[in-house]
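Beneath this line is the structure, given in structure tokens, with notes to follow.
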Amino acid sequence: MQFEDVLISFQGAIPCGVKVASSGGKIILNPDDSYVLQEGDEILVIAEDDDTYSPSDLPMVLGEKLPEHELIQKSFERILLCGGRRDMEDMITVLDASLAHGSKLWIFNEVHENERERKLTDGGLEIDRLMNIILVHREGNAVIRRHLESLPLESSDSILILADESVEDSAIQADSRSLATLLLISDIQAKRPPYKEDMAYQTHRGSFSSPKNKDKEEEEAAAEPEDDWKKRMEVMLHSLAQSSVAQKKILEVQAEQMTKAVNAMEQMLGIVNGHRVKVFRDNSELCVVEEIPLRMPHFIA
């Protein structure tokens, strides 16, 4: 009997090892399924107690093969990665280990392709050794609609939106850009027809800003439909308004805490009506000897 047969021979216990008699009682945890039990070997199991389980006969297993149409094969995926972070090489390594062979990872940000590959290589990623995924580089701005429209958004199985390194120091700006990208992608996907596997999708290289074509970028941006600009401005203003309300509440709480601290100091120093009073004790009574004007702090929320 092999150990793989032992695994299905106990209904109320879990076999986890073998105590080998021929090796002087040596214990082997999680042996190979092909390990053949010898005379005198003992099985180690995990169970509630010693009386709730017992070995049973091997169940009958049909040796027929599953029909080919019932075999579930892992299919390749298309992943879109918007933005760029310092630890992207770690994410790419994890995706390469988990996705099926032939999957594509589209990387879309404003970093030039050569500079992008250099950063990934410096981070420890060996692009030539990727086994399952193919990297597809696109350059563009994730908050400009026409750049996003150049991507195969409707055929992407998953879309990951990351904060760019250029705005990672400002949480508010990073969140605003990510939210704007999400809304733009959702709107583009809603207006496109469903993707079909048998349709060939033609993609175009996204444009990106550089010193040479900066003026051209501004002219093209100015030519965008007015509705698109309004949508983007509404999203940005809404995000900024929410952040302003949160900052105002924080300032109000800080002002309240400072006021309590000042009141406590007044009690300790003997401040009366905005004056610090020097006192001395005479016959168990407090007598005022000098009043010094005290400028009280004020807070603006």
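Table for the structure above
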item: Selection count, the range 4-40, where residues are small (Gly, Ala, Ser), free of Cβ contacts under 8 Å to residues at least 40 places away in the same chain and not in a strand (DSSP E or B); result: 7
item: Complete set of residues in the range 150-171 that are assigned to a loop (DSSP other than H, G, I, E, B) and either charged (D, E, K, R) or in contact with a Lys or Arg (Cβ under 8 Å, 6 or more places away or on another chain) (or both); result: Ser150, Leu151, Pro152, Ser156, Asp157, Leu162, Ala163, Asp164, Glu168, Asp169
item: Filtered residues of the range 5-36 (kept if among the hydroxyl-bearing types (Ser, Thr, Tyr) and in contact with a strand residue (DSSP E or B) (Cβ under 8 Å, 6 or more places away or on another chain)); result: Ser9, Ser34, Tyr35
item: Neighbours by Cβ (under 8 Å, 6+ apart or cross-chain): first from the range 123-136, in the same structural domain as Ile92 (by TED's automatic domain parsing) and without any contact (Cβ under 8 Å) to a residue 24 or more places away in the chain; second surrounded by 11 or more Cβ atoms within 10 Å (Cβ to Cβ) and part of a strand (DSSP E or B); result: Ile127/Leu135
item: Residues within the range 88-128 that are more than 20 Å from Ala163 (Cβ to Cβ) and touching a Phe, Trp or Tyr at 6+ places or on another chain (Cβ under 6 Å), tallied; result: 3
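The values are calculated or read from the model by the stated rules, or taken from the named source; none is laboratory data. As the structure is a computational prediction, the values presented were derived from the model and not from experiment. Don't worry about glycine lacking a Cβ; one is built from the backbone with ideal geometry, like all the others, and counts go over all protein chains shown.
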